[in-house]
Amino acid sequence: MPTRVFDIAIIGGGVIGLTLARELGARGAKVAVIDAGDAVPQATPAAAGMLAPSFENCEEFGGPSEALYRLGSRSLELWKSYAAALEEETGIFIDYRNDGALGLSYRDAQTQDLAEQAVRVKKLGGAAEMISGAEARALEPALSKEVAAALYAPEDAQVDPRRVMAALTVSLNALDVEMVRTRVLSLGEGDAARQFASADGDVFAAEKIVVAAGAVSGLTPRGLVYPVKGEATAVAAEVVLTRVVRAPGAYLCPKAEGRLVIGATEELGPLIDHHSVSDAAIAGLRANAGRAVPALETAKELERWTGLRPGTPDGAPIMGRDKEGRFLALGHYRNGVLHAPAAAEAMAALILGETPPFDLAPFDPRRFGPGRFSPGQGG
Ligand SMILES: Cc1cc2nc3c(=O)[nH]c(=O)nc-3n(C[C@H](O)[C@H](O)[C@H](O)COP(=O)(O)OP(=O)(O)OC[C@H]3O[C@@H](n4cnc5c(N)ncnc54)[C@H](O)[C@@H]3O)c2cc1C
């Protein structure tokens with residue numbers, strides 16, 4: 001017999017699980033979030049919080065790049081009211097800024113790549129323009145003279161993901177969403193597909209189960225959602241930049257209280273140590289940041305950290321159902337913070353039996369072929 005029975009159980013309390021819980025809770029559903037806390041490495045607190053569809057497409061994966069771009073731009077639009085509503089409701093400042101982003105180039109080949117990206121973004125209806133190095137320095141006087149050109153994406157934005165998580169937690173509390181702190185070890189199959197077992201020895205049951213458990217849950221098939229390690233640092237930088245700068249080899253995100261986030265490495269493979277932050281990785285990021293903004297060379301380090309992005313084989317997220325009828329909200333890779341409001345809106349509709357506001361077919365788990373979604377194979 002199950003220890004507890006829920007209406008809707010969301011396994012995973014990162015930005016994807018919590019925004020979905022808020023959407024469902026606000027619509028009157030009875031929701032519980034089951035989260036392992038520090039027992040499983042998370043992506044969300046490690047994220048820089050860029051809301052930047054203009055710099056992301058998955059053409060390098062041969063995947064559904066247009067659908068991915070449209071998901072990102074839809075969510076960027078939603079973030080404007082989402083951020084204001086979340087702050088108003090909770091009284092927690094989430095440091096939403098929509099003053100755009102600059103992608104820098106130092107040489108012709110990089111300028112060419114950015115110019116091609118600007119054409120792609122404009123073709124998809126987004127705002128992006130190439131500007132000269134001098135124009136970029138007029139926007140951000142701290143930029144190096146070495147900057148030759150830049151892609152200016154005036155509508156890209158950012159938030160502080162840790163503040164967003166704090167606000168979501170307060171919001172869920174007010175919505176009576178139950179938070180259960182435990183690690184889910186296995187999901188049931190067949191007749192027991194509405195059950196799952198925890199590391200504390202409990203067996204839970206739910207009418208609807210959502211797996212939103214990030215990169216290393218042990219609940220998804222190996223290779224479909226896999227960890228891509230990212231290391232990052234924050235330095236003290238009083239008024240050096242006003243907007244996000246994406247330089248070759250490092251991005252720079254100015255945050256509240258004189259904090260500037262510099263990220264991030266990307267590493268994957270079976271031998272990667274998921275927990276450590278290496279001096280070499282941080283030194284590399286600092287060097288690349290210092291090349292773009294020389295005043296940062298001597299900035300004092302405040303913090304360094306690592307996180308695991310939930311990658312997928314084609315770089316696009318997984319939103320749909322598995323063969324047991326469970327809902328999957330996984331694999332948002334480099335853009336989970338950006339995608340969260342749109343993903344929550346679409347997944348809530350799917351869970352409540354409504355037509356999602358946009359086509360989820362490009363994100364359906366079945367695109368990876370039959371027989372890939374059985375539980376308990378690690379991952
Ligand atoms: C360095 C870095 C920088 C990034 N920068 C950006 C950015 O600028 N913009 C952007 O949009 N995205 C960014 N990302 C990506 C973004 O962080 C992720 O896409 C997003 O956070 C994924 O959210 P999630 O909820 O799916 O996963 P997570 O945040 O990992 O949450 C999953 C949750 O599930 C829990 N869990 C896992 N397994 C179990 C289990 N078995 N039982 C119970 N609970 C479980 C975990 O404890 C965790 O709380 C970045 C990521 C990294 C690492």
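The values are calculated or read from the model by the stated rules, or taken from the named source; none is laboratory data. All values reported here derive from a predicted model rather than from experimental measurement. When we count neighbours, we look across all protein chains shown, and the Cβ atoms used for this are built from the backbone with ideal geometry, even at glycine.
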**Request:** Would you check which residues across the range 98-127 are under 18 Å from ASN288 (Cα atoms), under 22 Å from the mean Cα position of the chain (by Cα) and hydrophobic (A, V, I, L, M, F, W, C) and list them?
**Result:** ALA101, LEU102
**Request:** For LEU285, state whether it is within 12 Å of the ligand (Cβ to nearest atom) and not assigned by TED's automatic domain parsing to the domain that holds SER81.
**Result:** yes
**Prompt:** Within the range 288-331, how many residues turn out to be among the β-branched types (Val, Ile, Thr), crowded, with 20+ Cβ neighbours inside 10 Å and away from the ligand (no atom under 11 Å from the Cβ)?
**Reply:** 1
**Message:** Would you confirm, using the coordinates I've provided, whether ALA138 is out of contact with any Pro (no Cβ under 9 Å at 6 or more places or on another chain), crowded, with 18+ Cβ neighbours inside 10 Å and not in a loop (DSSP other than H, G, I, E, B)?
**Reply:** no
**Message:** Quick check on my filter: what residues within the range 116-131 are assigned to a helix (DSSP H, G or I) and either loosely packed, with under 15 Cβ neighbours inside 10 Å or at pLDDT 95 or above (or both)?
**Reply:** GLU116, VAL119, LYS122, LYS123
**Prompt:** Does at least one position in the range 24-34 carry a residue that is in a loop (DSSP other than H, G, I, E, B), in contact with a Phe, Trp or Tyr (Cβ under 8 Å, 6 or more places away or on another chain) and either over 29 Å from ALA234 (Cβ atoms) or touching a residue at least 60 places away in the same chain (Cβ under 8 Å) (or both)?
**Reply:** yes
**Request:** Kindly indicate whether any position in the range 75-83 is in contact with a strand residue (DSSP E or B) (Cβ under 9 Å, 6 or more places away or on another chain), of a type in the set (A, V, I, L, M) and buried (at least 18 other Cβ atoms within 10 Å of the Cβ).
**Result:** yes
**Among the residues listed as GLY49, GLY28, GLY72, the single one being within 8 Å of the ligand (Cβ to nearest atom) and out of contact with any Ser or Thr (no Cβ under 7 Å at 6 or more places or on another chain)** = GLY49
**Message:** Restricting to the range 187-204, and then to whatever is within 12 Å of the ligand (Cβ to nearest atom) and exposed (fewer than 15 other Cβ atoms within 10 Å of the Cβ), can you tell me which residue is farthest from LEU328 (Cα to Cα)?
**Reply:** ASP200
**Prompt:** What number goes with the only condition from (1) surrounded by fewer than 22 Cβ atoms within 10 Å (Cβ to Cβ); (2) at negative phi; (3) within 13 Å of the ligand (Cβ to nearest atom) that PHE6 does not pass?
**Reply:** (3)
